[in-house]
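Here is the structure we will look at.
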Amino acid sequence: LLQKGKGPLEGFFVTWIVQALANCEDEARRADLEYFAAVLTNVSQDPVGRKVLFESEGANMKALNKELRVAQSAFRRESLCKVVRNAFMGCAKDDAVAECLESEAIETSVSLLSGTMGKGEEEHGLSVVCRRALLEGILCLAGLEEARKVLWSEKVPEILQKIYETETDEEVNEVLERCANVFIEESGNLADDDEEEEAAPEEKVGQVEELD
């Protein structure tokens with residue numbers, strides 16, 4: 001399927017599958033294509049598959065972002081959320097953080113998670129599997145400095161805190177807690193750096209007085 005080492009053909013069928021999923025408007029046909037989403041879940045575990053999702057300014061991932069926002073079956077949405085998770089998890093290995101940021105997948109994930117706040121699952125449509133997958137992906141991104149800056153700018157720590165206040169699933173809450181620990185640890189490091197910078201002038205004054 002990935003056509004590894006086949007030059008221009010490498011990853012061709014991944015793009016074909018993404019476009020088939022994203023551009024099909026016929027309901028009956030959409031149902032026939034359900035398994036394509038699961039295929040993408042498997043493909044996104046491979047570096048070549050992830051590369052194809054992010055190439056051309058993230059065109060394929062942007063198509064999946066739009067697909068995640070429309071009404072669909074639980075199976076399809078869960079499969080696509082796992083694709084996003086796998087793509088995020090592979091960023092560090094693939095040295096593809098910049099491509100990930102360009103794909104707007106982070107903004108889409110944050111938006112989907114924000115939509116769960118104060119709502120029941122039947123209303124927001126994001127199952128436990130979806131929430132856990134997206135959060136696991138964000139957890140991996142939080143460990144990367146470049147991606148973490150975007151998460152801060154999107155106010156992700158605040159959003160996760162609000163989600164945590166109403167989340168009832170233990171496994172989802174566990175991932176939320178791990179995410180929170182990453183941001184709390186960074187906040188603590190920044191506070192320590194500020195204290196050191198403030199203390200530095202005093203140390204220099206003391207040194208000058210001793211010299212006198």
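Before we move on, is Glu121 charged (D, E, K, R), open to solvent by 20 Å² or more (accessible area, probe 1.4 Å) and farther than 23 Å from Glu57 by Cα?
yes
With the structure loaded, tell me whether Leu126 is crowded, with 19+ Cβ neighbours inside 10 Å and within 19 Å of Ser153 (Cβ to Cβ) or whether it fails that test.
The answer is no for Leu126.
Modelled with pLDDT under 95, under 19 Å from Val150 (Cβ atoms), surrounded by fewer than 23 Cβ atoms within 10 Å (Cβ to Cβ) and among the hydroxyl-bearing types (Ser, Thr, Tyr): is that true of Ser114 in this structure? Let's see the steps before the verdict.
On the way: modelled with pLDDT under 95: yes; under 19 Å from Val150 (Cβ atoms): yes; surrounded by fewer than 23 Cβ atoms within 10 Å (Cβ to Cβ): yes; among the hydroxyl-bearing types (Ser, Thr, Tyr): yes.
Judged against the criteria, Ser114 is a match.
Return the only residue of Glu78, Glu136, Glu158 being out of contact with any Leu (no Cβ under 6 Å at 6 or more places or on another chain) and over 18 Å from Arg178 (Cβ atoms).
Only one candidate passes the filter, namely Glu78.
Could you tell me whether the stretch 23-36 includes any residue that is crowded, with 16+ Cβ neighbours inside 10 Å and under 24 Å from Leu141 (Cβ atoms)?
Checked against the condition, which is being crowded, with 16+ Cβ neighbours inside 10 Å and under 24 Å from Leu141 (Cβ atoms), the stretch 23-36 yields no hits at all.
Can you tell me which residue within the stretch 155-191, out of those that are modelled with pLDDT under 90 and acidic (Asp, Glu), is surrounded by the most Cβ atoms within 10 Å (Cβ to Cβ)?
Glu186
The values are calculated or read from the model by the stated rules, or taken from the named source; none is laboratory data. These figures come from a predicted structure and were not determined experimentally. Quick reminder, even Gly has a Cβ in these numbers, built from the backbone with ideal geometry, and neighbours come from all protein chains shown. The protein model used for the area step is the full one, side chains on, heavy atoms only, and it has no ligands, DNA or RNA in it. Shrake-Rupley method; radii C 1.70, N 1.55, O 1.52, S 1.80 Å.
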